[in-house]
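Colleague: Below is a structure I'd like to ask you about.
The values are calculated or read from the model by the stated rules, or taken from the named source; none is laboratory data. None of the values given here were measured: they were computed from a predicted structure. Here Cβ is always computed from backbone atoms with ideal geometry, including for glycine, and neighbour counts include all displayed protein chains. Note: accessible area is taken over every heavy atom of the protein model, side chains too, but ligands, DNA and RNA are not part of it. Shrake-Rupley method; radii C 1.70, N 1.55, O 1.52, S 1.80 Å.
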Amino acid sequence: MKRACVIGWPIEHSRSPAIHGYWLDRYKIDGSYIKRAVAPEEVETFLGTLAAEGFAGCNVTIPHKEAAFRCADERDASAVAVGAANTLWLDEKGRLYAANTDTYGYMTYLTLKAEDWSYRDAPVSILGAGGAARAIVYGFLEAGVPEIRVFNRSASRAEALAKDFGPRVKFLPWEQRSRASTEAAVLVNTTSVGLKGDGALGIDFADFHPDCIVSDIVYVPLETGLIREARRHGLRTVDGLGMLLHQAVPGFEKWFGVRPEVTVELYDRIAADIEAA
Ligand code: ATR
């Protein structure tokens with residue numbers, strides 16, 4: 001039986017077991033996917049004993065993504081760009097591979113929901129400068145966007161991000177987030193603002209280009225204040241749940257040998273869990 005898990009501290013609220021459990025059932029795979037609470041001081045030891053514990057690999061969530069990146073023998077390009085990993089697997093020789101699948105999850109869902117998002121060759125606006133922002137900036141750079149504008153409440157992190165990614169990425173003050181986004185092809189929220197209804201991003205969509213796509217990586221609630229406001233202005237929107245589901249695909253394939261499909265049934269099931277919580 002193949003085994004995988006998700007590690008974090010805390011881990012109770014992870015949706016990953018429900019997602020991978022759905023696929024294990026659907027593809028009738030003799031496997032398991034469990035939650036494992038791993039304290040920060042134990043993460044290195046745990047990753048060193050993955051194989052001995054019979055795991056093919058694991059997902060990694062807060063606060064272990066940087067440690068997972070450091071512990072790996074090999075890292076994919078997105079993990080290197082972000083400096084953090086959310087998906088690990090072992091090869092036959094026991095070498096540990098680290099990937100950051102947030103880039104894949106975000107770009108895949110954006111393109112599925114709004115295939116034409118890049119047709120104007122316009123800049124992209126990113127709110128926030130944390131790990132999720134880095135994964136998404138990397139995705140847009142790889143997709144060839146001409147300019148990425150990063151808006152962040154505090155300067156230091158965003159300046160470092162812009163410097164790391166080079167001249168196509170510009171840091172702009174938080175106060176300019178509406179004014180400097182009116183021509184944007186896509187505006188993405190990567191901050192935690194709006195999570196469980198807390199806070200508001202204060203974006204004024206009145207002068208936005210009518211084809212701007214507005215997306216939020218927050219998925220609790222499914223319809224965040226940002227998404228609701230964008231819809232009210234007639235803009236197309238992309239929710240955060242799709243990214244969560246798609247980022248899980250590469251890990252499942254590595255551990256269990258089947259590339260799983262993100263079905264409407266899976267989306268509805270996890271959406272119902274979120275709404276019930
Ligand atoms: P993640 O790894 O999920 O990206 P993170 O690294 O903690 O999470 O980053 C959180 C982001 O949300 C940061 O850009 C943070 O801004 P600062 O760098 O100024 O801290 C942003 N953020 C969190 N709360 C915010 C708020 N109330 N208003 C604006 N930005 C906020």
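Colleague: Exactly one of these conditions fails for residue 126: (1) more than 11 Å from the ligand (Cβ to nearest atom); (2) closer than 17 Å to residue 213 by Cβ. Give me its number.
Modeller: So residue 126 meets the others, but not (1).
Colleague: Out of (1) open to solvent by less than 20 Å² (accessible area, probe 1.4 Å); (2) farther than 22 Å from residue 66 by Cα, what's the single condition that is false for residue 139?
Modeller: (2)
Colleague: Also: Please go through segment 236-251 and pick out each residue that is in a helix (DSSP H, G or I) and in contact with a Lys or Arg (Cβ under 8 Å, 6 or more places away or on another chain).
Modeller: Within segment 236-251, the subset in a helix (DSSP H, G or I) is 241-247, 249-251.
Of everything in segment 236-251, those that are in a helix (DSSP H, G or I) and in contact with a Lys or Arg (Cβ under 8 Å, 6 or more places away or on another chain) turn out to be 242, 244, 249.
Colleague: Scan segment 153-170 residue by residue and report those that are buried (at least 18 other Cβ atoms within 10 Å of the Cβ) and of a type outside the set (Val, Ile, Thr).
Modeller: At the first step, the residues of segment 153-170 found to be buried (at least 18 other Cβ atoms within 10 Å of the Cβ) are 158, 161-162, 165, 169.
Those that are buried (at least 18 other Cβ atoms within 10 Å of the Cβ) and of a type outside the set (Val, Ile, Thr): 158, 161, 162, 165.
Colleague: Select from segment 172-197 the residues that are surrounded by 13 or more Cβ atoms within 10 Å (Cβ to Cβ), touching a residue at least 24 places away in the same chain (Cβ under 8 Å) and either more than 13 Å from the ligand (Cβ to nearest atom) or assigned to a strand (DSSP E or B) (or both) and list them in ascending order.
Modeller: Result: 178, 180, 181, 182, 183, 184, 185, 186, 187, 188, 189.
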